[in-house]
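Data block below; observations after.
The values are calculated or read from the model by the stated rules, or taken from the named source; none is laboratory data. Quick caveat, the model's predicted, so the values are computed rather than measured. Don't worry about glycine lacking a Cβ; one is built from the backbone with ideal geometry, like all the others, and counts go over all protein chains shown.
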Amino acid sequence: MLTPQGLKGKQYRVTGNAYPRLGRPPKKSRKVIAALAALVALALIGLGGVQLYDIFSGKNRNASAQACATPSGKPLAAPTPGAAPTASGTPAAAQGDPHAIPQPAAVTVNVYNATTKAGLAGRTADELKKRGFTIGKVGNAPAELDKKVPGTAQVIAGPAGAGAATLLTSQIAGATATADARTDGSVDFVVGDSYNALLDETQAAAALALATKPSPTPTVTGSC
């Protein structure tokens with residue numbers, strides 16, 4: 001004897017090849033399934049509406065910008081601007097700042113000749129003096145530099161002369177700057193094998209402006 005599901009407890013004897021017909025599911029079950037399907041459809045419609053509102057209201061763009069912020073949440077800091085130029089075009093030195101660009105008259109330059117060309121140190125010193133620099137020692141380069149400067153010039157200064165070295169380096173194309181342990185603000189200008197002449201004053205001013213130009217502020221975009 002079998003009692004198939006849906007026959008409400010009635011028992012039937014299966015004989016031959018005839019089987020009882022199963023009844024349709026109860027109406028209550030169909031109503032419950034239909035109600036659940038309707039709730040799911042409403043939930044999907046509501047979720048889609050919220051996403052569309054976020055897109056058109058710009059909330060996603062704001063979230064993207066926040067993701068690109070620094071860990072502290074503060075905007076990226078702008079770089080410290082360079083020293084303001086004076087009326088003559090030379091940036092004025094900030095008090096106590098060795099990296100600020102001084103006036104030429106405040107810079108003592110020692111001019112040395114590291115080449116085999118006679119009189120080159122004297123002629124270069126005269127040109128620098130015309131531009132307002134204070135000239136110190138003039139002569140041949142010391143043994144450790146003599147005939148060992150392949151470029152146009154080597155500018156040497158200590159920590160206190162960093163700004164003065166930048167000013168002097170801008171006077172000649174291709175000059176290199178190196179540091180030593182001196183404690184004063186003097187600068188050595190060592191003429192090298194490739195030296196021909198100083199830049200003209202307009203070119204030197206442009207080179208100085210480029211050397212002291214502050215770095216651009218980074219731009220925060222929508223993607224990181």
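All conditions in (1) surrounded by 11 or more Cβ atoms within 10 Å (Cβ to Cβ); (2) modelled with pLDDT of 95 or more hold for D200, with the sole exception of (1). Is there a residue in the stretch 131-147 that is within 27 Å of the chain's Cα centre (by Cα) and basic (K, R)? There is no residue in the stretch 131-147 that is within 27 Å of the chain's Cα centre (by Cα) and basic (K, R). For the stretch 105-121, the set of residues classified as assigned to a helix (DSSP H, G or I) and more than 18 Å from A197 (Cβ to Cβ) consists of A105, A106, listed by residue number. Apart from one condition, D200 fits all of (1) free of Cβ contacts under 8 Å to residues at least 12 places away in the same chain; (2) over 33 Å from the mean Cα position of the chain (by Cα); the exception is (2).
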